[in-house]
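The values are calculated or read from the model by the stated rules, or taken from the named source; none is laboratory data. None of the values given here were measured: they were computed from a predicted structure. Positions of Cβ are generated from backbone atoms using ideal geometry, with glycine treated the same way; all protein chains shown enter the neighbour counts.
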């Protein structure tokens, strides 16, 4: 697996919990995390797809017949995955030629990026004209009252769920990261890719899906 890019503060966290990561995702989502991925993948065109922040490759079953390249900064995660083509790299520095992919998919990753503008610029570069970026992300519910309830609940639930696999400290980080970014309508506006669709999923709407499109050649 080729490597590229600098380390980030979150890399040691995910390296430590790599073998337990999928189990905890199932616990925290009440078994819905793959359904959330599937809803996003439905917006991808056929062809070659980059799974950005692929982790252990859990999304592979929902990609269908697409050719998938897995990219993640954490080698320990990628080594556990079933995807044949794997690259250890960062979204901010994609080691691919221009217009290499028909689609880019990223699930539960954007809150961990060092630079979202740099990543979106790189995705724009590697997408073919008319290509789609689909992001499944976590944040706070859009309703202020629901957001307060969700913040209170996640401060207790996430460390408790992490304790089931011996990772309560690591999932206190996840609780804090949910407040890191603005809502998707704001987060994905003003970039080279055009925001096309946003929808909400999960308890109180704390999971979002977003589709961004690279303009087709005129």
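With respect to residue 142, is the statement that it is assigned to a loop (DSSP other than H, G, I, E, B), in contact (Cβ under 8 Å) with a residue 24 or more places away in the chain and within 19 Å of residue 200 (Cβ to Cβ) true? Yes; evaluated as a whole, the condition is true for this residue. Regarding the stretch 127-139, can at least one residue be identified that is modelled with pLDDT under 90, part of a loop (DSSP other than H, G, I, E, B) and crowded, with 20+ Cβ neighbours inside 10 Å? Yes, that holds for at least one residue.
Set side by side, the residues 120, 178 differ, and just one is modelled with pLDDT of 95 or more, in contact with a strand residue (DSSP E or B) (Cβ under 9 Å, 6 or more places away or on another chain) and either surrounded by 15 or more Cβ atoms within 10 Å (Cβ to Cβ) or closer than 21 Å to residue 93 by Cα (or both), which is 120. Do the conditions hold for residue 211, that is, is it closer than 28 Å to residue 48 by Cβ and modelled with pLDDT under 75? Criteria not met by residue 211. If you go through the stretch 20-52 and keep only what is in a loop (DSSP other than H, G, I, E, B) and either at pLDDT 95 or above or touching a helix residue (DSSP H, G or I) at 6+ places or on another chain (Cβ under 6 Å) (or both), you end up with 42, 43, 44, 45, 46, 47. Among (1) surrounded by fewer than 20 Cβ atoms within 10 Å (Cβ to Cβ); (2) closer than 22 Å to residue 194 by Cβ; (3) modelled with pLDDT of 95 or more, where does residue 142 come up short? Just one mismatch for residue 142, condition (3). If the condition is being touching a residue at least 24 places away in the same chain (Cβ under 8 Å) and closer than 16 Å to residue 134 by Cα, then the stretch 64-99 contributes 66, 69, 91.
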